[in-house]
């Protein structure tokens, strides 16, 4: 007999777990597999997918809860019988028997028996008796036999983490255990217990109460061997890493290894190099985390435990899978940076007090500390006071690292050389152990001299990029004394909460505080409009919004960057207001000697880190103490804000007063005082997160931001630079065009400061499409288009150049790609009240609820939502009602994506942490409003969701995800698009995904195919290529496959054209398999069954460089994004007409 690996695996729904199953089969390569709890009829069993993975199969399916199967690698199992002999009809599909690789395999799924006592427990015992009877003949067989499966029996108290918690469960009842004992008494060998008599080995971890994270497991999956096979037993274990995968079964595969010759098996204690039967995966890993565990109280801290198995096994070679690194900014006793490299199943860790430097001359001390678990790489949060490492932690950088020699050997020698591919750090680095004495090993972290290196005198990456790469979090250093210490924003001030005097608030609604909110923006006008308006001074500063949550204050720029660390005094002042929760809107301003707001003075205050004299002028309040005020008239919101500020004694907090005088006279006065202009707000208007007609701005002279595209050499007595070269993006094409230069408004201090920022950005090629020529081009240094200059000017000429320009300062609060010419609109553009204008979808919870209660437009009645408070996502606490509210509110955006397209549903009856069901047909669902058609294509009628009633009906039936075909109902034989799904190695940093998307876009552009982007809601990006429906499925799928192979051939180190984790190590797999008949892809605006309920969202190309991940939008914050959009990113998709030509086929290698 050949060497064999035989496994049993309760998949808990083969439809939902098929990706996990295929991943496990590919990685572990078992020879024989027994599967239980298929939850699928025979016709739905994925035999073809398993065959493609190299496994033949026999199966006995059932629609609801049971079903069993046997798989054999590279062969077809020979079926012996279906159903357990003696069990009347065996309608529950719990037993199948076959021969494979010379072994008789009996696969079983014994009844659970709960609740007990009762008929289900009685049935379990009857079934067990039939099994014992049939097992007699199997045990006595002259052939080798394995009896494997989910026995739903915990044999002894050593097979469960805490017997007292399960005393009433059928798994532990004396009757169940006695039946199992009688079975073993026939002569069967319990493989795992035979080899590991004293080990606590678990195969099942309940979904609830964090049993997996705490390793609170049970052993209920067993492989029993008859006397013929038992002598060949060599090893046994549990592939526990599978349980840690996303959407995993609550069981893990249990396996044995059979030798080719009989031998006397020795009872074992698990070796350090041996895969564990339960978490932790390796005792070596476990022992290396003992110090980590000893120092922490996991009942108090949210840090990941160090006892769980990890899906990336520790004994694999470095080349088997990309190794991850992370750098965490940690404000503990002292602010420092924790540098971590994945090696041998843990994160080797060093505390770097000053953080990494890009300067090869800087040797940064790195103190070697205890190993951390792999899951720590994504930990962000606050470690409580009084506990080890107390303080805030963010992920400052992360990505993959590539050792340039054998990493284990280099680590042991104390001389690691490696390449980093992170969000912030790149290039080659060295970690070198020193002989400096100390309680802990002292190492140096040193940047290697390469293209990523920069002198410390020119660039400090720690100072320039302080924020998290995973979230919008930042860290405000604690106040530690000394004149140079930064103040810390007070999270919970001791002052009693002040109750604002009650103000009239019409339209206020109770609401949770949004995580983020975009500000309302003003439209530039030529002159004041007619109507009822109130005017305020237009401040020359930075727009900042303050978020207050339970006393904790965060300050955000208009683009969502967290500036709390830059404005600690202002955060303290907001905290002193004593608000429970709020969003406040205002402008940060510094006045010059004449008392006039001065943008350059503000910029100088930031650069010199003297932010204490910056005044925060507040002018709006969209949220206050659990109330959403966005639908409240602006004059009432401002009155409530004035009451909040009334008792404040903080000099740096001021209320922005408004005036009722004639706007022309006000503007003249503002201009005489050298102010920037006026802001007008329509009386009675709501607060909307976009640029609209309810807020307008009137300027004394034209002034706006320009992109800095270069600079000229100085002349005469001037130093550093002569003038800044300016650019603006064309509003139609998006191209960056030269817009003249500015050479006045500087002094010696600003010249030196600006020049210091320009030098690192120098490039050889002009970034504009129309660079100046001749004399004007002499002495020009071109720059990467990253910096913005605030410039006042008289006009912009017909050729697009500024006249009489004056420099007012550099800006860092806006993205360069958003800068276009601001053209004043005529007042008639805003003279109609906003109520008569199209408004974005309502985003308050109350408004959404109001929509949810109304009758869907396509129906004559309502859908009754049962169990509306059922938790769908335990992480965010989101309920079924909130999911329905989201889909109702997004109806106008979502329905065009679903209309007339066959749809499949991912249902989560027990929430996203429970069983998930992928459903392609409407059988037994009875969804109101659902349409069906096309049985001839897939063997069952496909579903169409063409109206809101069907959409909410699907939610009522526990649907979370919506997946659509690449064809519409009028022609299901010809796809009208194909999709390329970029699926990365999870260890890769997000910027690798951005670069891969740009490269794929470039290939499609080169082919002449217009494409559109959306986030997947998970880890990747989808590229959607619309087609005129002419080619059939085979031709379109073949073409998309050829594109993928073409890209992978061009850049094999970045892309893979073959699926599976092993084939995308350090690379990105471009999935083309979604382009076949019946295949589906997550719909735009569909929710995903992932933590936080993220959403798949269409984006503009230029946004690719701005977003931080594919899951940044969810059901709670997407409305903010949609409310600020000026246009639909996919507006042109429905009207795009293009076909796959012969030339395109030829260029991607199709003959």
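Annotation: of all residues in the stretch 185-203 being surrounded by fewer than 17 Cβ atoms within 10 Å (Cβ to Cβ) and either without any contact (Cβ under 8 Å) to a residue 60 or more places away in the chain or in contact with a helix residue (DSSP H, G or I) (Cβ under 6 Å, 6 or more places away or on another chain) (or both), the one that is farthest from residue 125 (Cα to Cα) is 187. Only a single item in (1) over 30 Å from residue 739 (Cβ atoms); (2) modelled with pLDDT of 60 or more; (3) more than 32 Å from the chain's Cα centre (by Cα) is not met by residue 875, and it is number (3).
Is there a residue being within 12 Å of residue 821 (Cβ to Cβ), free of Cβ contacts under 8 Å to residues at least 12 places away in the same chain, part of a loop (DSSP other than H, G, I, E, B) and assigned by TED's automatic domain parsing to the domain that holds residue 806 anywhere in the stretch 702-724? No, that holds for no residue.
Checking 1010, 1030 one by one, the residue that is surrounded by fewer than 21 Cβ atoms within 10 Å (Cβ to Cβ), assigned to a loop (DSSP other than H, G, I, E, B), modelled with pLDDT of 90 or more and touching a strand residue (DSSP E or B) at 6+ places or on another chain (Cβ under 9 Å) is 1010 and no other. When 15, 67 are screened for being in contact (Cβ under 8 Å) with a residue 40 or more places away in the chain, in the same structural domain as residue 239 (by TED's automatic domain parsing) and more than 34 Å from the chain's Cα centre (by Cα), only 67 passes. Among the conditions (1) surrounded by fewer than 16 Cβ atoms within 10 Å (Cβ to Cβ); (2) modelled with pLDDT under 85; (3) at positive phi, the only one that residue 54 does not satisfy is (2). For the stretch 638-678, the set of residues classified as assigned to a helix (DSSP H, G or I) and under 22 Å from residue 698 (Cβ atoms) consists of 638, 663, 664, 665, 666, 667, 668, 669, 670, 671, 672, listed by residue number.
The set of residues in the stretch 450-472 being more than 17 Å from residue 352 (Cβ to Cβ) and in contact with a helix residue (DSSP H, G or I) (Cβ under 8 Å, 6 or more places away or on another chain) consists of 454, 458, 459, 470. Filtered by the rule that a residue be more than 23 Å from residue 1063 (Cβ to Cβ), surrounded by fewer than 24 Cβ atoms within 10 Å (Cβ to Cβ) and in contact with a helix residue (DSSP H, G or I) (Cβ under 9 Å, 6 or more places away or on another chain), the stretch 5-39 gives 15, 39. Residue count for the stretch 384-410 satisfying the condition of being more than 23 Å from the chain's Cα centre (by Cα) and over 24 Å from residue 1065 (Cα atoms): 8.
Among the residues of the stretch 868-880, the ones that are surrounded by fewer than 23 Cβ atoms within 10 Å (Cβ to Cβ) and either closer than 19 Å to residue 1091 by Cβ or touching a residue at least 24 places away in the same chain (Cβ under 8 Å) (or both) come to 9 in all. Among the residues of this structure, residue 741 counts as one that is in contact with a helix residue (DSSP H, G or I) (Cβ under 9 Å, 6 or more places away or on another chain) and in a strand (DSSP E or B).
Might you check whether a residue that is without any contact (Cβ under 8 Å) to a residue 12 or more places away in the chain and either in contact with a strand residue (DSSP E or B) (Cβ under 7 Å, 6 or more places away or on another chain) or not in a strand (DSSP E or B) (or both) occurs anywhere in the stretch 439-448? There is at least one residue in the stretch 439-448 that is without any contact (Cβ under 8 Å) to a residue 12 or more places away in the chain and either in contact with a strand residue (DSSP E or B) (Cβ under 7 Å, 6 or more places away or on another chain) or not in a strand (DSSP E or B) (or both). Of all the listed residues (799, 732), the sole one being loosely packed, with under 15 Cβ neighbours inside 10 Å, closer than 24 Å to residue 558 by Cα and out of contact with any helix residue (DSSP H, G or I) (no Cβ under 8 Å at 6 or more places or on another chain) is 732. Inspect all residues belonging to the stretch 440-461 and state whether any of them is modelled with pLDDT under 90 and closer than 17 Å to residue 328 by Cβ. No: the stretch 440-461 contains no residue that is modelled with pLDDT under 90 and closer than 17 Å to residue 328 by Cβ. Of the strands (runs of 3 or more DSSP E) entirely within the stretch 506-568, those holding at least 3 residues that are in contact with a helix residue (DSSP H, G or I) (Cβ under 7 Å, 6 or more places away or on another chain), under 23 Å from residue 465 (Cβ atoms) and in the same structural domain as residue 581 (by TED's automatic domain parsing) occupy 552-557. Report yes if some residue within the stretch 337-350 is part of a loop (DSSP other than H, G, I, E, B) and not assigned by TED's automatic domain parsing to the domain that holds residue 992; otherwise report no. Yes, the stretch 337-350 contains a residue that is part of a loop (DSSP other than H, G, I, E, B) and not assigned by TED's automatic domain parsing to the domain that holds residue 992.
Yes or no, residue by residue, for (1) under 16 Å from residue 1082 (Cα atoms); (2) modelled with pLDDT of 80 or more:
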{"site": "897", "(1), (2)": "yes, yes"}
{"site": "902", "(1), (2)": "yes, yes"}
{"site": "924", "(1), (2)": "no, no"}
{"site": "932", "(1), (2)": "no, yes"}
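The values are calculated or read from the model by the stated rules, or taken from the named source; none is laboratory data. Please read these numbers as outputs of a predicted model, since none were measured by experiment. Every residue, glycine as well, gets a Cβ built from its backbone with ideal geometry; the counts of neighbours run over all protein chains shown.
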